[in-house]
Amino acid sequence: MTTVSQKQVVVETEDKQDNLLRLPYFVSVEQLSADDVLHLLQRAQYFKNGGEVPALSRPIFCTNMFFENSTRTHTSFEVAERRLGLTVIPFDPSHSSVNKGEKLYDTELTMASLGIELSVIRHPENAYYNEIIRPKEGQHLQMGLVNAGDGSGQHPSQSMLDMMTIYNEFGHFDGLKIMIVGDLTNSRVARSNMEILNTLGAEVYFSGPEYWYDAEEFSKYGTYVKNIDNEIPELDVLMLLRVQHERHNGADAKTEQLFFDAKDYNAAYGLNQRRYDMLKDDAIIMHPGPINRGVEWDGDLVEAPKSRYAVQMHNGVFVRMAMIEAVLRGRKLGGLE
């Protein structure tokens, strides 16, 4: 796997046309090389610094199709779209023909027929996007797509805003010690981040209840740590994950019912004052949200000086602008190339 050294990781703030990312769709971090990530972060930083938004030659209609609840991601994408000058068409899944049994592909075909050229979709099914980006013989759907999260699969926009937050803090990725703690099995954030952090040269560690750790899947990306207190003093980034009770089913749910206790979880894996004080002075704490206060993170520490929770959300708007622009340019929409 390609890694990037500290000297190679340079994120400029100028607008360089030859560095702009161009993609037909943005569904997974697996699409991205190290250079792709850096160019995307460069563009996001350009927007964050007040850089000029590209002018569209004609209106571009887009829609946000969220089949799971969302506050941060949904709102962030809409702010990003409006900043880019897109026309956002509302979509409410609870009042859509999906409830009549319509397949996602057919919903997208309807949207495309009505003139919508870009969809941002969050869906509970892993890799839902394959039926859209890989039409079968005889299907002719043409739709730009940005994945806002698929089941427990990928969450590329959260991963990119996390990378931006880490880079803004340290100026590089190479050799940073980053621990991802919590409900690993059910976390699309963990999957996206472990892949891209490896590509960028970070040292990744995992922790959390062993019944939420799949060694076959995760061990190739990092090292499992049973007692997080042994590693916390050496960490640069402590990345907490939400316990996703809504995704626990079958044997997982039974295990949780037998063993999960919020206070015990907090004592073993949560960020409390004692662990906060153990962190290095320049270490940072991250969380994709929403936070279960008192479980993953003691509430009075959510806005403590080492926390970057609010910074992550702020960076999310600019990263999503860069992601959307990459798809607009990749599909040559609105005169962008």
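The values are calculated or read from the model by the stated rules, or taken from the named source; none is laboratory data. Remember, it's a predicted structure, so these values are computed and weren't measured experimentally. Using ideal geometry, Cβ is built from the backbone for each residue, glycine included, and neighbour counts are taken over all protein chains shown. Please note that ligands, DNA and RNA were not included when accessible areas were found on the heavy atoms of the full protein model with its side chains. Shrake-Rupley method; radii C 1.70, N 1.55, O 1.52, S 1.80 Å.
Here 108, 117 are screened, and the one residue that is farther than 26 Å from residue 190 by Cα, open to solvent by less than 10 Å² (accessible area, probe 1.4 Å) and in contact with a helix residue (DSSP H, G or I) (Cβ under 9 Å, 6 or more places away or on another chain) is 108.
Residues in segment 159-183 that are under 21 Å from residue 74 (Cα atoms) and surrounded by 24 or more Cβ atoms within 10 Å (Cβ to Cβ): 159, 160, 161, 162, 163, 164. Just one residue in the set 88, 98, 79 is in a strand (DSSP E or B) and open to solvent by 10 Å² or more (accessible area, probe 1.4 Å); that residue is 88.
Can you spot a residue in segment 217-236 that is within 19 Å of the chain's Cα centre (by Cα), crowded, with 22+ Cβ neighbours inside 10 Å and under 16 Å from residue 284 (Cα atoms)? No, segment 217-236 contains no residue that is within 19 Å of the chain's Cα centre (by Cα), crowded, with 22+ Cβ neighbours inside 10 Å and under 16 Å from residue 284 (Cα atoms).
Given the condition at pLDDT below 95, open to solvent by less than 70 Å² (accessible area, probe 1.4 Å), polar (S, T, N, Q) and in a helix (DSSP H, G or I), answer yes or no: does some residue in segment 282-295 qualify? Within segment 282-295 (the criterion being at pLDDT below 95, open to solvent by less than 70 Å² (accessible area, probe 1.4 Å), polar (S, T, N, Q) and in a helix (DSSP H, G or I)), the answer is no, since none of the residues qualifies. Are any of the residues in segment 297-309 buried (at least 21 other Cβ atoms within 10 Å of the Cβ), over 16 Å from the mean Cα position of the chain (by Cα) and farther than 14 Å from residue 144 by Cα? The answer is yes; a qualifying residue exists.
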